[in-house]
1. What does the extension gain come out to for Asp31 and Asp79, with contour length at 0.36 nm per residue minus their alpha carbon separation?
2. At what distance in nm do the modelled label points of Ser46 and Ala14 sit from each other, each positioned 7 Å from its Cα along Cα→Cβ?
3. Could I have the simple spin-label model distance between Arg24 and Glu62, label points 7 Å from Cα toward Cβ, reported in nm to one decimal?
Amino acid sequence: MSSSPYGSEKERRAPNLTVGSRVRIISAGSDDTGLVSEGIYRGLVSIGGDNILAIELDGEGEEKGRTRLIATAATWVIDILEAKDEEEKRADKPSSTPEYFR
């Protein structure tokens, strides 16, 4: 039995940012420095026609559990640390608009 040199089908799939995935986002901060936000991706928020990422922070101290909103235009890097599968997402919460933060 031969295995594919390109990995399994799951490994070959394009990355997909799904609600519930653990992420690290580096976005524009003050003085041209990057603001690092790490936590659970909760979805998109639309404010004044702009799309904004909602991240539930898992840092230490006061930041833990807060929701940080990051404008997509200010986003430099998104690292998907642990991707949540679409099947897992559907099993967790049935929603009429699962891609938007409530």
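Nothing in this text is a laboratory measurement; each read-out follows from the coordinates by a stated rule. Quantities reported herein were computed from a predicted structural model and do not represent experimental measurements. FYI the Cβ positions are ideal-geometry reconstructions off the backbone, even for glycines, and counts take in every protein chain you see.
1. Stretched out fully, the Asp31 to Asp79 stretch lengthens by 15.0 nm.
2. 2.2 nm
3. The answer from the label model is 2.4 nm.
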